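Student: Please read through the structure below; I'll follow up with questions.
The values are calculated or read from the model by the stated rules, or taken from the named source; none is laboratory data. In this text, all values refer to a predicted model and were calculated from it rather than measured experimentally. Backbone-built Cβ (ideal geometry, glycine too); neighbour counts: all protein chains shown.
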Amino acid sequence: MAAWQAWTAFLDGLSPRVRRGSAFRPIDGHDCLRTTRLSRRAIADAIATRASAMGLAGDWGGHSLRRGFATEAYARGNPELEIMRHGRWRAASTMRGYLEEGTRARITNPSSNLGT
C-alpha cells in the first residue's frame, strides 16, 4: 500500500499528460516515463528476472502471478465465484486449473474439512 501511495504521489508531481495512463508503464531510452502500458513481454521478463535473482528455478512469467493469486485466494477460503470474478475466469474448471496441486486436492477431498 505504501509503495502504491508513493507511486501516485510521484505521478501527481508530473504534467497532466504524463499523469494519465496505465499504472505500470515503460521508461524510454531517455529515462522518460511513457504513457503507454507495459507489454506482456516486459511484464514476463520482469517477473523472470526477479525470480532468477531470488534463486527460484523454473519458468516464471505473467501467468505465475495469476496462478499464485488463484492458489493463495483459494487456500485462504475465498469463495470460488469471487476468485473467478477477480481473475476473469468464466468456468470454475478453468480457474481450478490454475490452482497448485496441494490446493486442488482440497476441492475433491470432502474429508479435508473434518476435524480430528
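Student: Tally up the residues in the range 1-17 that are within 15 Å of THR35 (Cβ to Cβ) and among the hydroxyl-bearing types (Ser, Thr, Tyr), please.
Tutor: Residues in the range 1-17 being within 15 Å of THR35 (Cβ to Cβ) and among the hydroxyl-bearing types (Ser, Thr, Tyr): 1 in total.
Per-residue answers, yes or no, for (1) under 30 Å from TRP89 (Cβ atoms); (2) outside the structural domain of ALA92 (by TED's automatic domain parsing); (3) of a type in the set (Lys, Arg):
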{"position": "ALA9", "(1), (2), (3)": "no, yes, no"}
{"position": "SER22", "(1), (2), (3)": "yes, yes, no"}
{"position": "PRO26", "(1), (2), (3)": "yes, yes, no"}
{"position": "GLY55", "(1), (2), (3)": "no, yes, no"}
{"position": "GLY68", "(1), (2), (3)": "yes, no, no"}
{"position": "THR71", "(1), (2), (3)": "yes, no, no"}
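Student: Quick one: count up the residues across the range 1-27 that are at pLDDT below 85 and touching a strand residue (DSSP E or B) at 6+ places or on another chain (Cβ under 8 Å).
Tutor: 2
Student: I would also like to ask the following. Could you tell me whether ARG37 is in contact with a Leu (Cβ under 8 Å, 6 or more places away or on another chain), outside the structural domain of THR94 (by TED's automatic domain parsing) and part of a loop (DSSP other than H, G, I, E, B)?
Tutor: no
Student: Another one. Output the residue which, of all residues in the range 15-35 that are under 23 Å from SER64 (Cβ atoms) and surrounded by 11 or more Cβ atoms within 10 Å (Cβ to Cβ), is nearest to the chain's Cα centre (by Cα).
Tutor: Checked the range 15-35; the qualifying residue nearest to the chain's Cα centre (by Cα) is PHE24.
Student: Please go through the range 1-33 and pick out each residue that is in a loop (DSSP other than H, G, I, E, B) and closer than 28 Å to ASP59 by Cβ. Spell out the reasoning first.
Tutor: In the first step, residues of the range 1-33 are kept if they are in a loop (DSSP other than H, G, I, E, B); the result is 1, 13-15, 20-26, 28-32.
Listed by number, the residues that qualify are SER22, ALA23, PHE24, ARG25, PRO26.
Student: Kindly provide the set of residues from the range 40-66 that are small (Gly, Ala, Ser) and assigned to a helix (DSSP H, G or I), ordered by number.
Tutor: ALA42, ALA44, ALA46, ALA48, ALA51, SER52, ALA53, GLY62, SER64
Student: Please go through (1) on the phi > 0 side of the Ramachandran plot; (2) within 15 Å of the chain's Cα centre (by Cα) for ASP45 and return the number of the only condition it doesn't satisfy.
Tutor: (1)
Student: If you don't mind, another one. Report, by residue number, each residue of the range 17-49 that is among the acidic types (Asp, Glu) and touching a Gly at 6+ places or on another chain (Cβ under 9 Å).
Tutor: Passing the criteria: only ASP45.
Student: While we're on this one: How do the pairs read when you match residues in the range 1-14 that are surrounded by 10 or more Cβ atoms within 10 Å (Cβ to Cβ) with residues anywhere that are not in a loop (DSSP other than H, G, I, E, B), using Cβ under 7 Å and keeping only pairs 6 or more apart or on different chains?
Tutor: Correct list of pairs: LEU11/ARG19.
Student: Is it the case that some residue within the range 76-98 is assigned to a helix (DSSP H, G or I), of a type in the set (Ser, Thr, Tyr), surrounded by 15 or more Cβ atoms within 10 Å (Cβ to Cβ) and within 14 Å of the chain's Cα centre (by Cα)?
Tutor: First, pick out the residues of the range 76-98 that are assigned to a helix (DSSP H, G or I): 80-87, 92-96.
Narrowing further to those that are of a type in the set (Ser, Thr, Tyr): 93-94.
Restricting the remaining residues to those that are surrounded by 15 or more Cβ atoms within 10 Å (Cβ to Cβ) gives none.
Scanning the range 76-98 turns up no residue that is assigned to a helix (DSSP H, G or I), of a type in the set (Ser, Thr, Tyr), surrounded by 15 or more Cβ atoms within 10 Å (Cβ to Cβ) and within 14 Å of the chain's Cα centre (by Cα).
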